[in-house]
Amino acid sequence: MMLELLLNGRRLREPVEPHVTLLRFLRDQAGASEVKYGCGEGVCGACTVFLDAVAVNACSVLAVQAEGARVETVSAFAGDGSLHPLQQELIERGAVQCGFCTPGVVLGSIEAVRLGLAGDRMTIRRSLAGNLCRCTGYGKIVEAVEAYRDGEGAA
Amino acid sequence: MIPRPFDYERPRSVEEAVSILAGAGGRDAKVIAGGQSLVPMLSLGLARPDVLVDLSRLELNGIEAVDRRVRIGATTCHRTLELDPEARRLLPLAAEAARHVGNPRVRNRGTFGGSLAHADPAAELPVVAVAHGGEVVAHGPGGERRIPLAEFFLGYLETALGPDEVLVAVELERPPETSGVGFHEEAQRADDFALACAAAVVAPDGHARVVLGGVGDRPLRFEGPTDELPAAVEAAVEPEEDVFVSAAFRRRLAGVCARRALARAKEDAGA
């Protein structure tokens, strides 16, 4: 099938087999290696992308289901040479260790703050459910999300 | 893992979806919408359909009050139940339960109809649906068929839906205004699969019903006086052991979930 979508503002038109997940399409066909392949079964959150402005696990969506959609990866949120404020907070607080979960944490937390679901530490933790950090650096991640919320996120 | 190849159809109407399913012949056709259970199952090789029929583009989402019922469109996502103010007002029990489904990304994409049609015995929303009571609205080659929720769940991943039927909506009975509702879940981690969960509806006179999930092959419904139900639940359920917990522990959790859901419902009724 021919798949047409907008990836980070760029129009893509690519043939794709129905059994290819959005994750595999983004990484292998669209070169979006910032989308990480963790568990591949909707548990770890490393492959989080925005699909029409809603955070989803790219491993749990078929590429063909994204026909006509606007897909944004973490790359859409960092300007040329500059980082997104949440990325900056994560770095400053030592919340990035191996970094594999970070793209998913960034996108999931941007959505949580946008929806007003980062009011206190407990709700931030609940919003981060489904973002597994195997370095177990959750404390720093929660602090970074809090700082981001209090900064630009609250604006 | 990479799913085994399959054909993919994106019908433009429910009728077209039904005719694709009915015309599948010996081929294994499966309906997909949010895909939050099915796509991982495809990747794990647990599902190996020949053709997928995608309902996600059909306008089947939405929640509306119809007399004493609430009609939930099949592709209404969990996040809507959890966060939408009108949905929360109409279905506070579903709102509370939806919070426990998967994780935020799963809830953004997973659908109410999909959760019911998938019929995972540990899933929260089938439990809520049975606690409300009402009907599943299905479309098949013969037109619309209404299936009482009490007869919908037949066993592990098994429902009364025919292979050529599409679940288009669910109509839930609304409990009387004076009743209270409550939900409780025990899981190993926040948003993990329920080890056990319970949804309760309590009338002001103390008569209650509680529906248990995760402790049998389908949602299990109990009715009686509020104070007697937890013990009755614990005595009646026959959960199986798994790699996480023993059968005895799960039986105990069933009683705990029933008691806490009922307590919350009782409090809600008094509020």
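The values are calculated or read from the model by the stated rules, or taken from the named source; none is laboratory data. For clarity, every value in this text was computed on a predicted model and none was experimentally measured. Cβ coordinates were reconstructed from backbone atoms using ideal geometry, including for glycine residues, and neighbour counts include every protein chain displayed. These accessible areas exclude ligands, DNA and RNA; they are computed on the full protein's heavy atoms, side chains included. Shrake-Rupley method; radii C 1.70, N 1.55, O 1.52, S 1.80 Å.
Compute a Gaussian network model of chain A, connecting alpha carbons closer than 10 Å, and tell me which residue from A:Cys47, A:Cys98, A:Cys59 fluctuates the most.
Highest fluctuation of the listed residues: A:Cys98.
Skip the ligands, DNA and RNA, and give the accessible area per residue of chain B with a 1.4 Å probe, whole Å².
Value returned for chain B: 43 Å² of accessible area per residue.
For the protein assembly as shown, taking Cα atoms only, what is the radius of gyration to one decimal and the Dmax to the nearest whole Å?
For the protein assembly as shown, the Cα radius of gyration and maximum Cα-Cα distance read 21.8, 66 Å.
Tell me, what is a quarter of the convex hull surface for the C-alpha atoms of the stretch A:2-77, in nm² with one decimal?
4.2
Using the Kirkwood radius built from alpha carbon pairs, what does the Stokes-Einstein equation give as D for the stretch B:63-182 at 25 °C and 0.890 mPa s, in µm² per second?
Translational D for this selection: 172 µm²/s.
Using only alpha carbon pairs under 8 Å that are at least six residues apart, calculate the relative contact order of chain B and give it in whole percent.
For chain B, the relative contact order is 16 percent.
Buried accessible area for the A:B pair, summed, 1.4 Å probe, in Å² rounded to 100?
Summed over both sides, the interface buries about 2600 Å².
Compute for the stretch B:144-249: radius of gyration divided by Kirkwood radius, i.e. Rg/Rh, restricted to C-alpha atoms, rounded to two decimals.
0.99
Restricting the calculation to Cα positions, tell me the Rg (one decimal) and the Dmax (whole number) of the stretch A:85-154 in Å.
Rg, Dmax (Cα atoms, Å): 10.4, 29.
Rounded to a whole number, what % of the accessible area of the protein assembly as shown do carbon and sulfur atoms account for, probe 1.4 Å?
Carbon plus sulfur share of accessible area: 49 percent.
Report the convex hull volume per residue for the stretch B:7-54, counting only C-alpha atoms, in Å³.
So the per-residue Cα hull volume is 64 Å³.
Please identify the GluC sites (Glu not before Pro) of the stretch B:54-104 that satisfy two criteria: DSSP loop assignment and at most 11 other Cβ atoms within 10 Å. Which are they?
Answer in residue order: B:Glu59.
How much length, in nm to one decimal, is gained on full extension between A:Leu83 and A:Asp120, taken as 0.36 nm per residue of separation minus their Cα-Cα distance?
Between A:Leu83 and A:Asp120, full extension yields an extra 10.9 nm.
Return P(r) of chain A (all Cα-Cα pairs; 5 Å bins starting at 0; whole %; ordered from short to long distances).
Per 5 Å bin, starting at 0, the Cα pair percentages come out as 2, 10, 19, 23, 19, 13, 9, 4, 1, 0.
Taking amide H positions as placed 1.01 Å from N in the peptide plane, with prolines and chain starts having none, which residues 5 or more places from B:Asp28, or on another chain, fall under 5 Å of its amide H?
For B:Asp28, the qualifying residues are B:Asp50, B:Val51.
Compute the Kirkwood hydrodynamic radius of chain B, taking the inverse of the mean of 1/r over all pairs of distinct Cα atoms, and give it in Å to one decimal.
18.8
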